[in-house]
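The structure under discussion appears below in the form of structure tokens.
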Amino acid sequence: MRASDRQNIEVVEAWLKKRKKPTAGAFFVYALSPFPSNYLFIVYGLSGLPLRVIGTAFFAGRTISYSLSAHLGRFASSYLDLESPHEGGYLSGYFIVSQVAFLCVVYLLMKLDWKMLIEHRKLTCRRTVNDEPSDTRRPTAKR
């Protein structure tokens with residue numbers, strides 16, 4: 001990882017360390033939603049913070065949402081046709097679009113200038129910074 005990316009993540013890490021309860025609460029609320037969680041954990045994992053801060057809240061939220069979904073599914077199945085033509089939706093358009101959208105969200109989270117956002121409340125993207133010193137670059141071929 002480039003040094004500029006690491007510095008940007010360290011700003012988020014410091015902000016999250018100060019706000020453990022709101023962070024755990026946000027993970028709990030997110031866990032109640034049907035959205036995939038792998039991207040959330042990728043972003044959180046980049047910060048290097050301990051998993052126990054959000055693990056318990058996320059586990060509780062997913063347990064509640066999955067239990068509710070299972071009970072509602074059992075209730076709804078008694079009123080629906082079991083031979084539905086809408087089966088096999090794992091590779092449906094919704095799934096593919098949501099995965100691409102969440103990959104874009106992760107990319108945008110990495111491109112945000114977190115220091116500017118936290119300190120000045122301005123939403124800006126970082127520009128790509130070349131972290132290599134100029135004397136270590138590979139020479140280019142002259143034509």
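Points worth noting:
- Residue check, Pro22 within 27 Å of Cys104 (Cα to Cα) and not in a helix (DSSP H, G or I): no
- Check on Ile64, surrounded by 16 or more Cβ atoms within 10 Å (Cβ to Cβ), over 24 Å from Val97 (Cβ atoms) and out of contact with any His (no Cβ under 7 Å at 6 or more places or on another chain): no
- Some residue of region 91-110 being at pLDDT 80 or above and in contact with a strand residue (DSSP E or B) (Cβ under 9 Å, 6 or more places away or on another chain): yes
The values are calculated or read from the model by the stated rules, or taken from the named source; none is laboratory data. Keep in mind that this is a model prediction, so the values were computed, not measured. As a convention, Cβ positions derive from the backbone with ideal geometry for all residues, glycine included, and neighbour counts pool all protein chains shown.
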